[in-house]
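Worksheet for the structure shown next.
The values are calculated or read from the model by the stated rules, or taken from the named source; none is laboratory data. Computed from a predicted model, the values in this text were never measured in an experiment. So basically every Cβ, Gly included, is an ideal-geometry build from the backbone, and we count neighbours across all protein chains shown.
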Amino acid sequence: MAVHRTRLRRNAELALPGGTVGLVAGAAAGGLAALVGQPAGWALVTALSLGIPLALLGGGYGLLIAYGRVRLGGFAPVALFWLVGFPLARLTHEALTHLVLTGRPALPPDLLGFLAYQGLVSAGFAIGFLWLHERIAPRWWLRIARHNPYAERILAAYAAHASALRNAKQARRRTKVS
């Protein structure tokens, strides 16, 4: 049982930065809903019904990084992840919002058009997610690396990547000077 609890804690720690980014995105959507004049209850429904799915997906992305399924810092992996994840989160948001407001869940009338549009929007979300995640996650992983070997491994990968970039930059400079 202690091993299970340790694994659960480790995974929760690794997922926290991505989950936080997703939750912040949902809160921002709720804030925007309130800003444009939606009632406070509707804004709260927006914040939760979008923020929770985005938080779960963002946390899942953090676990994919931690377990070496996604390479660090690359845009293509995060774009592909959110190409699927963002439309699913938005679909959940639409269905839950309809459920809370009308008492029954409903899908958008043009489901394929809705999903296609959300797929297009997902690229912008992926850029923002990656940018924010790359600013939050390394600091958090540095904090937990002493007791979480996966965080320590991620930081070592970041250091190796930074070293390779620095070496490549120095090699380009030497070539230019020659």
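Screening Gly73 against (1) in a loop (DSSP other than H, G, I, E, B); (2) on the phi < 0 side of the Ramachandran plot leaves a single unmet condition, (2). Of all residues in segment 8-51, those being over 24 Å from Val100 (Cβ atoms) and in contact with an Asp or Glu (Cβ under 9 Å, 6 or more places away or on another chain) number 0. Quick one: in segment 47-71, which of the residues that are farther than 14 Å from Gly18 by Cα and at pLDDT 95 or above is surrounded by the most Cβ atoms within 10 Å (Cβ to Cβ)? The selected residue is Leu50. Annotation: Phe114 fulfils all but one of (1) free of Cβ contacts under 8 Å to residues at least 40 places away in the same chain; (2) hydrophobic (A, V, I, L, M, F, W, C); (3) out of contact with any Pro (no Cβ under 7 Å at 6 or more places or on another chain); the unmet one is (3).
All of (1) buried (at least 21 other Cβ atoms within 10 Å of the Cβ); (2) over 30 Å from Glu152 (Cβ atoms) hold for Ala95 with one exception: (1).
Does Leu88 satisfy the criteria of being in a helix (DSSP H, G or I), in contact with a helix residue (DSSP H, G or I) (Cβ under 8 Å, 6 or more places away or on another chain) and under 20 Å from Ser49 (Cα atoms)? When the stated conditions are applied, Leu88 passes them.
Taking segment 72-90 as the range and being surrounded by 19 or more Cβ atoms within 10 Å (Cβ to Cβ) and more than 20 Å from Gly26 (Cα to Cα) as the test, no residue passes. Of the candidates Ala171, Ala106, the single residue that is without any contact (Cβ under 8 Å) to a residue 60 or more places away in the chain, aliphatic (A, V, I, L, M) and not in a helix (DSSP H, G or I) is Ala106.
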